[in-house]
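Novice: Shown below is the structure under consideration.
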Amino acid sequence: MAYINSIGTAQAPFSHSQKDILDFMLQMYHMPKEDIDKVTRLYDRSEIETRYSVIEDFSLPKSKWTFIENEQAVSVEKRMKKYFEMAPALCEKAIKRCIPDTADLHKITHLITVSCTGVSAPGLDIQLMQLLHLSPTINRSSINFMGCYAAIHALKQANAICLADQNAQVLIVDIELCTIHFQDDYTMDNVAASLLFGDGVAAVLVSNTKGIYAIENFYSEVAFSGYHDMSWNISSSGFMMTLSGYVPSIIAENIEPMLNNSLQQMGIEKSDIQHWAIHPGGKKIVSEIQKVLTLSQADVAISRAILNDYGNMSSATILYVLKKMQDQITGPNENIYSVAFGPGLTIESMFLKSC
């Protein structure tokens, strides 16, 4: 059986209050006057207090902006340059919190990097091999552009590797620098993205040695009715998010049958689940899931806390939830049900047990 042995996280260097980000958006967007109150209410009711970014501009007056350009859209080249300037060091910080003993890094047999906010070849995987002096023969793979559920997909791959190789030591490194993809055109999709997303990084070690969580099972479904409601595409001015207002209701319509199908496959009942690790894609997503699945406030407290403190960090977010959930665990064999969502509309779930 494969186990999650440890989780390490790291924050981007600049902490921004939601109020400061709103002030930035009001300066940046040329909003119709009648929309300003509406957007302000959206920010005020977002249940997000703080977000982190590799960009300082969001808390600065317009005269001091250094990344966001006043007269033209930020180029894809400039965005990717920022990504690869910042990502390796942030990943290293999370990895060292996940694996404090440098000697243990040399035992890593497999490296999986996860991101939907930065791509290149050679990529982050090779940069980390050089930075951490990992073996040049290490097995490596990259999961790119899968969105908010990608960390569960990476854990699924790590689990398969460990089941096939008793000696496998799999390091997953998940980094999302969402804020470098800020768009300056005033559309509701861009408002939604600028309201929700922050930057974050997490590292996870998976092996066949007993750890903090035992990996029991996985289950995934695609709700094709939401195919056009959540997407992530590359354009000449950056990565473009589509996030319609229908996403929470589409998830709400599909989450209960998906849960029942997954529980049936896993051979457990809903009443057997003690902990719910839900990806906090946004306030309304958490509320809709809580309502449909009749969960308590305590069941969604960690998801809401992560949303409040960090916003939605895309695929890294669920790893923050699982790390914080360690504080709730009181003993071995407690059941944890984890679920995340992304383009497609994909619903990816995972069943864990505490060790």
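Novice: How many residues does region 189-213 contain that are closer than 22 Å to Arg97 by Cβ and among the hydrophobic types (A, V, I, L, M, F, W, C)?
Specialist: 7
Novice: May I ask you to list the residues in region 327-354 that are of a type outside the set (A, V, I, L, M) and closer than 17 Å to Ile172 by Cβ?
Specialist: Ser338, Gly342, Glu348
Novice: Are any residues in region 331-341 open to solvent by less than 10 Å² (accessible area, probe 1.4 Å) and on the phi > 0 side of the Ramachandran plot, and if so, which ones?
Specialist: Correct list: empty.
Novice: Here's another thing I want to ask about it. Does any residue in region 27-40 that is assigned to a helix (DSSP H, G or I) come within less than 6 Å, Cβ to Cβ, of a residue that is among the aromatic types (Phe, Trp, Tyr) six or more places away or on a different chain, and which pairs are these?
Specialist: From residues that are assigned to a helix (DSSP H, G or I), there are no pairs.
Novice: Of the residues Ser287, Ser315, which is of a type in the set (Gly, Ala, Ser) and crowded, with 22+ Cβ neighbours inside 10 Å?
Specialist: Among Ser287, Ser315, only Ser315 is of a type in the set (Gly, Ala, Ser) and crowded, with 22+ Cβ neighbours inside 10 Å.
Novice: Name the residue that is most open to solvent (accessible area, probe 1.4 Å), counting only residues in region 214-232 that are among the polar types (S, T, N, Q) and at pLDDT 65 or above. Reasoning before the result, please.
Specialist: The initial filter retains those residues of region 214-232 that are among the polar types (S, T, N, Q), namely 217, 220, 225, 231.
Filter again for at pLDDT 65 or above, leaving 217, 220, 225.
On the way: Asn217: 46, Ser220: 50, Ser225: 83 Å².
In this case the residue turns out to be Ser225.
Residue-wise test of (1) closer than 25 Å to Lys19 by Cβ; (2) among the acidic types (Asp, Glu); (3) crowded, with 22+ Cβ neighbours inside 10 Å.
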position	(1), (2), (3)
Ala252	no, no, no
Ile255	no, no, yes
Met258	no, no, no
Asn261	no, no, no
Gln265	no, no, no
Pro280	yes, no, yes
Leu322	no, no, yes
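Novice: Would you mind finding the one in Arg51, Arg45 that is farther than 20 Å from Asp185 by Cα, open to solvent by 40 Å² or more (accessible area, probe 1.4 Å) and either in contact with a helix residue (DSSP H, G or I) (Cβ under 7 Å, 6 or more places away or on another chain) or modelled with pLDDT of 90 or more (or both)? Before you say what the answer is, go through the steps one by one.
Specialist: Numbers: Arg51 fails: open to solvent by 40 Å² or more (accessible area, probe 1.4 Å).
Answer to the check: Arg45.
Novice: Still on this structure, I have one more. Identify, by number, the condition in (1) more than 28 Å from Arg41 (Cβ to Cβ); (2) open to solvent by less than 10 Å² (accessible area, probe 1.4 Å); (3) aliphatic (A, V, I, L, M); (4) at pLDDT 95 or above that Leu307 doesn't meet.
Specialist: Evaluating Leu307 over (1) more than 28 Å from Arg41 (Cβ to Cβ); (2) open to solvent by less than 10 Å² (accessible area, probe 1.4 Å); (3) aliphatic (A, V, I, L, M); (4) at pLDDT 95 or above leaves (1) as the failure.
Novice: So how many residues does region 185-213 have that are surrounded by fewer than 18 Cβ atoms within 10 Å (Cβ to Cβ) and farther than 30 Å from Ser354 by Cβ?
Specialist: Qualifying residue count for the region: 5.
The values are calculated or read from the model by the stated rules, or taken from the named source; none is laboratory data. Keep in mind it's a predicted model, so treat the numbers as computed, not measured. Glycine also receives a Cβ, built like all others from the backbone with ideal geometry; neighbour counts cover every protein chain displayed. With ligands, DNA and RNA removed, areas are computed over all heavy atoms of the protein, side chains included. Shrake-Rupley method; radii C 1.70, N 1.55, O 1.52, S 1.80 Å.
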